[in-house]
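A quick write-up on the structure given underneath.
The values are calculated or read from the model by the stated rules, or taken from the named source; none is laboratory data. As the structure is a computational prediction, the values presented were derived from the model and not from experiment. Here the Cβ is made from the backbone with ideal geometry for all residues, glycine too, and neighbour counts use every protein chain on show. The accessibility values were calculated without ligands, DNA or RNA, using every heavy atom of the protein model including side chains. Shrake-Rupley method; radii C 1.70, N 1.55, O 1.52, S 1.80 Å.
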There are 6 protein chains.
Amino acid sequence: MSNANDKTKQERYEYGMEVLSRIDGEVGQRVVESLADISPELGHQVAAWAFGDMYARPELAPRDRQLVTLGILTGLGGCEPQLEVHINASLNVGLTPTEITEALLHSAVYCGIPKALNATLVAKKVFAERGLLPVPATNR
Amino acid sequence: MSNANDKTKQERYEYGMEVLSRIDGEVGQRVVESLADISPELGHQVAAWAFGDMYARPELAPRDRQLVTLGILTGLGGCEPQLEVHINASLNVGLTPTEITEALLHSAVYCGIPKALNATLVAKKVFAERGLLPVPATNR
Amino acid sequence: MSNANDKTKQERYEYGMEVLSRIDGEVGQRVVESLADISPELGHQVAAWAFGDMYARPELAPRDRQLVTLGILTGLGGCEPQLEVHINASLNVGLTPTEITEALLHSAVYCGIPKALNATLVAKKVFAERGLLPVPATNR
Amino acid sequence: MSNANDKTKQERYEYGMEVLSRIDGEVGQRVVESLADISPELGHQVAAWAFGDMYARPELAPRDRQLVTLGILTGLGGCEPQLEVHINASLNVGLTPTEITEALLHSAVYCGIPKALNATLVAKKVFAERGLLPVPATNR
Amino acid sequence: MSNANDKTKQERYEYGMEVLSRIDGEVGQRVVESLADISPELGHQVAAWAFGDMYARPELAPRDRQLVTLGILTGLGGCEPQLEVHINASLNVGLTPTEITEALLHSAVYCGIPKALNATLVAKKVFAERGLLPVPATNR
Amino acid sequence: MSNANDKTKQERYEYGMEVLSRIDGEVGQRVVESLADISPELGHQVAAWAFGDMYARPELAPRDRQLVTLGILTGLGGCEPQLEVHINASLNVGLTPTEITEALLHSAVYCGIPKALNATLVAKKVFAERGLLPVPATNR
């Protein structure tokens with residue numbers, strides 16, 4: 001195992017925040033900040049573990065990780081705040097609005113129409129904020 | 001298999017919207033409309049597949065379908081917007097307020113008190129809007 | 001509130017077991033028996049509370065309760081042993097094999113194809129044991 | 001089985017409300033009151049069954065019951081209103097803010113970061129209302 | 001909307017089975033066959049709707065759809081039989097064993113270690129059957 | 001932040017395995033070993049992160065962590081293999097059989113009877129293996 005992993009706790013946090021900021025942008029940073037007075041250790045784990053140790057691994061591209069994440073969050077339900085962060089992240093790493101709405105449409109097969117609807121309406125909110133509506137219709 | 005299913009995509013949509021409107025009323029139509037600029041294909045599937053192909057099948061009466069649907073949505077959790085549509089739909093197809101609250105009470109046994117509470121408070125909102133409160137008490 | 005509810009703990013258990021036996025038959029009794037050496041109080045609650053206090057309420061017919069229960073258990077997932085008991089119970093209270101499979105088909109819309117498949121294969125096992133296969137095809 | 005359980009329905013309700021009020025305080029009472037016009041029987045079950053029959057059992061201390069409950073509600077997701085009641089209850093029965101946030105941090109391992117975040121932000125709301133922020137940092 | 005969608009029910013089924021066979025291979029066909037005597041209509045919907053109408057849409061590549069599907073099925077839990085089909089499908093459409101195990105590792109962040117473990121052990125079974133173990137270690 | 005966290009990846013793994021072995025015993029070690037040929041990194045995360053970084057934190061006692069974990073795993077459903085490990089762990093860190101079954105009984109209130117039953121039958125299996133049946137009845 002390489003020295004790249006031999007970091008202090010502080011270094012792991014800083015590296016994780018760097019990855020998190022690149023992927024999630026400001027909305028992700030605000031999540032960590034919101035934890036400062038209630039559970040700074042959870043903020044540390046989001047940065048150092050979720051992004052620094054896990055997300056940054058080169059075995060899967062960020063775009064692919066976002067497809068998996070959209071699937072999980074849509075399937076779990078009740079994770080609308082995290083879906084909002086991750087639909088932003090999905091755009092940031094190169095998924096197109098059409099690919100995102102198609103991934104959520106696809107999810108209807110596997111976790112049902114209600115959860116697909118909830119996730120799609122989160123995407124509508126994010127796309128509206130970023131001036132990406134209407135999503136170009138496909139003619140089928 | 002009968003010719004009744006040999007429809008164009010447009011015909012399937014129109015038939016589905018007809019069924020959806022009959023069951024869900026205006027609140028259901030608004031769901032489909034809200035998808036027009038983000039995922040019209042999801043709107044199509046809600047109408048053509050969920051209502052036209054599935055709900056309209058005669059093997060189970062609408063009233064029975066609503067009981068199943070109330071069970072699923074209550075058990076899944078996090079589907080309050082869909083519960084709102086389907087509590088309206090349940091009233092539209094002939095379930096009484098007492099039967100609906102009893103179905104949600106019953107669900108406490110199988111998915112726990114918290115989800116039963118969440119669903120019951122959605123019913124309270126719908127019943128209030130439709131002037132159906134208080135639900136007549138049963139004396140037991 | 002009526003005197004019908006003014007029972008001792010033992011009376012509540014006995015009444016619940018009577019209801020449970022009528023609805024679930026032997027498979028339900030075996031669930032309670034299997035708890036005798038690990039959690040007799042859970043067995044008591046299944047009988048006295050779930051069946052005696054809740055299921056026996058006249059506000060919803062057993063057939064309707066089973067439709068709600070099939071919806072919940074299918075939607076939750078991971079409750080195949082309970083689905084087996086409740087598909088038996090559904091037949092016992094008068095739902096036909098066609099209505100049961102239709103209810104599970106219907107659930108695909110609301111909780112996705114995988115959970116509908118899992119529940120349908122439990123129904124296949126129960127129907128096979130009771131000599132109810134094949135379920136009469138509908139010609140649509 | 002002792003005579004302590006041989007109560008009328010009304011006595012069971014009153015005893016349950018007494019336990020509920022001691023554990024949950026006013027927020028719990030408001031849940032039962034909110035059910036009066038929609039499902040008084042669900043209110044009865046919350047008091048008489050959930051608190052009177054189950055929570056009051058001496059086999060597990062209230063503090064321990066709250067740890068289990070925090071785990072369940074965090075894992076289920078979509079139960080933020082109940083988490084709010086039960087984070088208040090957790091403080092009422094003696095869990096410290098540090099123990100509560102640590103329990104929710106711990107939950108990230110078993111049900112993932114998103115649900116741990118949702119629950120932690122509910123704790124932040126409750127702690128803010130009760131003047132318990134910031135939670136004292138641990139130096140690790 | 002194009003004529004490509006103007007098919008009879010039988011044509012929709014045949015087209016869906018063609019797509020399903022290409023993606024899922026024999027294990028997928030066996031799922032549809034297993035439904036013949038219990039719920040042929042569910043088999044029809046798996047083929048005609050899930051694969052013919054939804055999966056075959058060109059807006060998202062099969063490889064991307066599988067990443068979403070792995071995420072959903074891992075997050076839902078209790079869908080091990082469907083995960084087995086879809087880990088096979090994932091290999092069929094070009095995901096490598098390393099990408100699949102990395103997607104499941106990634107899921108631990110979003111739905112917790114237990115569900116990631118369950119899904120990874122399904123992958124182990126599928127990879128063993130296809131002679132793909134051990135998955136090449138990455139040196140980090 | 002203290003130097004105690006400034007470890008190499010290998011040191012983090014070894015420390016985590018030490019904690020895991022103390023809590024989970026051999027059944028936990030077998031989980032990590034079972035991942036060696038499919039996802040050694042997931043095995044690393046179970047040891048180094050879940051046990052070394054998270055479980056070992058002194059802010060919550062192992063006994064308390066197990067109560068939270070029993071709640072989460074019971075509530076999620078479909079995690080019977082992990083419940084088996086964690087019911088063993090619960091005994092290892094000092095919870096009594098009565099406290100464990102009471103925690104699972106308690107869970108029926110919050111996530112329903114079916115999941116409480118599934119978890120209780122896992123406890124029955126573990127207790128049988130460890131010669132702990134019957135659980136002493138309480139006289140209420």
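Checked against (1) under 19 Å from E:A108 (Cα atoms); (2) more than 11 Å from the chain's Cα centre (by Cα), A:L20 passes all but a single condition, namely (2). Do any residues in segment E:7-26 that are at pLDDT 95 or above have Cβ atoms under 6 Å from those of residues that are in a loop (DSSP other than H, G, I, E, B), where the two are at least six apart or on different chains, and which pairs are they? From segment E:7-26, the pairs are E:V19/E:A56. Residues that are more than 9 Å from chain A (Cβ to nearest Cβ), among the aliphatic types (A, V, I, L, M) and open to solvent by 20 Å² or more (accessible area, probe 1.4 Å) number at least 1 in the following helices (runs of 4 or more DSSP H) confined to segment E:43-136: E:80-92, E:113-129. Across segment F:4-30, the number of residues qualifying as within 14 Å of chain A (Cβ to nearest Cβ), of a type in the set (G, A, S) and closer than 28 Å to E:V122 by Cβ comes to 1. Quick one: in segment D:31-42, of everything that is at the interface with chain B (Cβ under 7 Å from one of its Cβ atoms) and either part of a loop (DSSP other than H, G, I, E, B) or touching an Asp or Glu at 6+ places or on another chain (Cβ under 6 Å) (or both), which residue is most open to solvent (accessible area, probe 1.4 Å)? The residue in question is D:D37.
Within segment A:105-131, being touching a residue at least 24 places away in the same chain (Cβ under 8 Å), within 23 Å of A:L20 (Cα to Cα) and not β-branched (V, I, T) holds for A:A119, A:A123, A:K125, A:F127, A:R130. Screening F:R140 with (1) out of contact with any helix residue (DSSP H, G or I) (no Cβ under 6 Å at 6 or more places or on another chain); (2) among the charged types (D, E, K, R); (3) at pLDDT 95 or above gives one miss only, at (3).
Pairing each residue of segment C:57-70 that is touching a residue at least 24 places away in the same chain (Cβ under 8 Å) and in the same structural domain as C:A47 (by TED's automatic domain parsing) with any residue that is buried (at least 24 other Cβ atoms within 10 Å of the Cβ) and among the polar types (S, T, N, Q), provided the two are 6+ apart or on different chains, yields no C-beta distance under 6 Å. Looking across D:L104, D:L83, D:L76, D:L121, one residue alone is of a type in the set (A, V, I, L, M, F, W, C), under 10 Å from the mean Cα position of the chain (by Cα) and not assigned by TED's automatic domain parsing to the domain that holds D:E11. It is D:L83.
When D:V85, D:V122, D:V93 are checked against the criterion of being farther than 27 Å from C:E41 by Cβ, among the β-branched types (V, I, T) and out of contact with any Ser or Thr (no Cβ under 6 Å at 6 or more places or on another chain), D:V122 stands alone in meeting it.
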